[in-house]
Amino acid sequence: MDFQDAVLTGQAADGGLVLPERIPSVGDKLDSWKHLSFVELAVEIVRLFATDIVDEDLESIISGAFASFDHPDTVPMVEQGSLRIMELFHGPTLAFKDVALQVLGGLFKHVLGKRNAKLNILGATSGDTGSAAIASVRGRENINIFIMFPDGKTSRLQELQMTTVLDSNVHCLAIEGDFDDCQRIMKSIFNDLDFKNQYALGAVNSVNWARVMVQVVYYAYAALQTNEPVSISVPTGNFGNICAGYIARRMGFPIHRLILATNENDILARFFSTGVYRRGSVHQTLSPSMDIQVASNFERYVYYLFEEDSQKLKIFMKTFADNESVEIKDYGKLNDCFVATRVDTSETLSTISNIHSKYGYVIDPHTAVGVAAALRVNIDTPIVSLATAHPSKFPESVKRAIGQLPINHPRLEQLNDLEERKVTLPADEMTIRRYLESNSI
Ligand SMILES: *Cc1c(COP(=O)(O)O)cnc(C)c1O
């Protein structure tokens, strides 16, 4: 399939994920790209993948997407003592997911316009994807969006960021279950190809290749800002963000190690230390956007671990689906990229508190998981920690850590006064299908 098909299809027809046939290599371009702005670099990187969209259109999609960011550097790098933090939260919903989703919204509009087509987006969110996806397509013609979230398990603000968007193309579905239920229902519906085609279903979750592709840009940008290789610390749930770091490294950007930081939902941290990928039960933590046990993007990494052997990958995925556990023998020898570690609630709180008392800088609990990991690991390159959400999105946790509320963000403050709209539904696939059938365009 070409790139535009990949944008619309989300998950591949056989239930697997889409990846480019070849990862472009950028080794000879690094010097000339060092001085590009974030937006310029984004155009250069995206055009290597989106080969069926002309440069002029790409430039307008990308600059349009980042015009909604409220910082002139789009993803500013801030230094606090020896800490380097890249703030990815300057988009409309104040989390890193805006970076890719603002572009994806523009891509949808472009591709649907060219094809005179319609799209019904179905998504599942543990908190931040939903609002970022809604912000990227609200009010757009020819697109309806249906977002499932675990009822009562996202933060109140995260929920309000979704349910206060009253555009008629937006449907917020509060599901009586946890995030893995939402993700399971979504996967199962996407796997029914007749249904998917009949209702022109599209995906905004990080199963959509375009999201991973856009995220490559900030890893590249971080790596190009220093004159030596950097390591990057990433608070991780679904492996979507850090998967982009892995792709960036394969492309030849000077990235030494990727530090994979999980909260108590540590399936990935356990895998990287033992080679065993085994599902555990979901814990609610202070970093709800990482309260995930089955990491949907992990499959993309395993494909490269298996030297691009889809058949082997298929067996791996099937074994996991059947047994909730699967092992890669001698994994330790294959891995020269990831350093994984788990950060628990008390360390998350103490990290927020320590960074605040040392530097007067406030981080959110997700970012804190990544920063704690960066402070703990023993790596002799500079480390950039990705700040994935603005602290005011998680005021209760920040208050618990530092005894005071973070500086409020005006965009969040007004949410409490707005009207809300949502539909509460059981975690039952048939019910969700019926809802889609009667509300799709
Ligand atoms: C989604 C999210 C994460 C986890 O990202 P993955 O791509 O699922 O690994 C971390 N922090 C915040 C604030 C998020 O919204």
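The values are calculated or read from the model by the stated rules, or taken from the named source; none is laboratory data. Everything numeric here is computed off the predicted structure, so don't read it as measured data. Cβ placement follows ideal geometry from the backbone for every residue including glycine, while neighbour counts extend to all protein chains displayed. In case anyone asks, the SASA skips ligands and DNA or RNA and just uses the protein heavy atoms, side chains included. Shrake-Rupley method; radii C 1.70, N 1.55, O 1.52, S 1.80 Å.
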> Considering only residues of region 360-371 that are open to solvent by 10 Å² or more (accessible area, probe 1.4 Å) and closer than 27 Å to Ser126 by Cα, which is nearest to the ligand (Cβ to nearest atom)?
Replying inline: Val362
> With respect to the numbered conditions (1) in contact (Cβ under 8 Å) with a residue 12 or more places away in the chain; (2) part of a helix (DSSP H, G or I), which one is the sole condition not fulfilled by Leu386?
Replying inline: (2)
> Which residues, counting only those in region 241-269, are open to solvent by less than 10 Å² (accessible area, probe 1.4 Å), touching a Gly at 6+ places or on another chain (Cβ under 6 Å) and closer than 12 Å to Tyr219 by Cα?
Replying inline: Leu258
>> Let me confirm something: among Val103, Val43, which residue is free of Cβ contacts under 8 Å to residues at least 40 places away in the same chain and open to solvent by less than 20 Å² (accessible area, probe 1.4 Å)?
In response: Val43
> For region 245-266, which residues satisfy the criterion of being without any contact (Cβ under 8 Å) to a residue 60 or more places away in the chain and within 12 Å of the ligand (Cβ to nearest atom)?
Replying inline: Gly245, Asn265
> Conditions: (1) closer than 25 Å to Asp428 by Cα; (2) away from the ligand (no atom under 16 Å from the Cβ); (3) open to solvent by 30 Å² or more (accessible area, probe 1.4 Å). Lys153 meets all but one. Number of the miss?
Replying inline: (2)
> So which residues in region 282-333 are away from the ligand (no atom under 16 Å from the Cβ), without any contact (Cβ under 8 Å) to a residue 60 or more places away in the chain and open to solvent by less than 70 Å² (accessible area, probe 1.4 Å), if there are any at all?
Replying inline: Tyr304, Leu305, Phe306, Asp309, Phe316, Thr319, Phe320, Ser325, Val326, Ile328, Gly332
>> For region 113-145, which positions are in a helix (DSSP H, G or I), open to solvent by 10 Å² or more (accessible area, probe 1.4 Å) and more than 11 Å from the ligand (Cβ to nearest atom)?
In response: Gly113, Lys114, Arg115, Ala135
> Which condition number in (1) open to solvent by 10 Å² or more (accessible area, probe 1.4 Å); (2) within 12 Å of the ligand (Cβ to nearest atom) is the one that His110 fails?
Replying inline: (2)
> Is there a residue being within 14 Å of the ligand (Cβ to nearest atom) and over 25 Å from Ala133 (Cα atoms) anywhere in region 184-204?
Replying inline: no
> Out of all the residues in region 202-231, which are open to solvent by 10 Å² or more (accessible area, probe 1.4 Å) and without any contact (Cβ under 8 Å) to a residue 40 or more places away in the chain?
Replying inline: Asn227
> Does region 371-378 include one or more residues that are more than 23 Å from the chain's Cα centre (by Cα), more than 20 Å from Leu268 (Cβ to Cβ) and not in a helix (DSSP H, G or I)?
Replying inline: no
> Can you name every residue in region 16-30 that is open to solvent by less than 20 Å² (accessible area, probe 1.4 Å) and farther than 14 Å from Glu308 by Cβ?
Replying inline: Val26
> Of the numbered conditions (1) open to solvent by less than 50 Å² (accessible area, probe 1.4 Å); (2) in a helix (DSSP H, G or I), Ile85 satisfies every one except a single condition; which is it?
Replying inline: (2)
> Taking only pairs six or more apart or across chains, which ones have beta-carbon atoms under 7 Å, a first residue in region 389-416 that is under 21 Å from Thr74 (Cβ atoms) and within 13 Å of the ligand (Cβ to nearest atom), and a second residue that is among the acidic types (Asp, Glu) and open to solvent by less than 20 Å² (accessible area, probe 1.4 Å)?
Replying inline: Ala389/Asp128; Ala389/Asp364; His390/Asp364; Pro391/Asp364; Lys393/Asp364
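Yes or no, residue by residue, for (1) crowded, with 17+ Cβ neighbours inside 10 Å; (2) under 19 Å from Asp73 (Cα atoms); (3) at pLDDT below 95:
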site	(1), (2), (3)
Gln4	yes, no, no
Thr9	yes, no, yes
Asp14	no, no, yes
Phe49	yes, no, no
Asp55	no, no, no
> What single numbered condition from (1) among the small types (Gly, Ala, Ser); (2) away from the ligand (no atom under 14 Å from the Cβ); (3) open to solvent by less than 70 Å² (accessible area, probe 1.4 Å); (4) at pLDDT below 95 fails to hold for Ser353?
Replying inline: (4)
>> Of everything in region 71-102, what is more than 16 Å from the ligand (Cβ to nearest atom), more than 17 Å from Leu41 (Cα to Cα) and in contact with a helix residue (DSSP H, G or I) (Cβ under 9 Å, 6 or more places away or on another chain)? Give them in sequence order.
In response: Gln80, Gly81, Leu83, Arg84
> Restricting attention to region 222-238, and to residues there that are out of contact with any strand residue (DSSP E or B) (no Cβ under 8 Å at 6 or more places or on another chain) and of a type outside the set (Asp, Glu), which single residue is nearest to the ligand (Cβ to nearest atom)?
Replying inline: Asn238
> Quick one: in region 372-386, which of the residues that are hydrophobic (A, V, I, L, M, F, W, C) and more than 18 Å from Ile255 (Cβ to Cβ) is nearest to the ligand (Cβ to nearest atom)?
Replying inline: Ala372
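Using the structure shown, decide if Thr274 is open to solvent by 10 Å² or more (accessible area, probe 1.4 Å), among the hydroxyl-bearing types (Ser, Thr, Tyr) and at pLDDT 95 or above.
Judged against the criteria, Thr274 is not a match.
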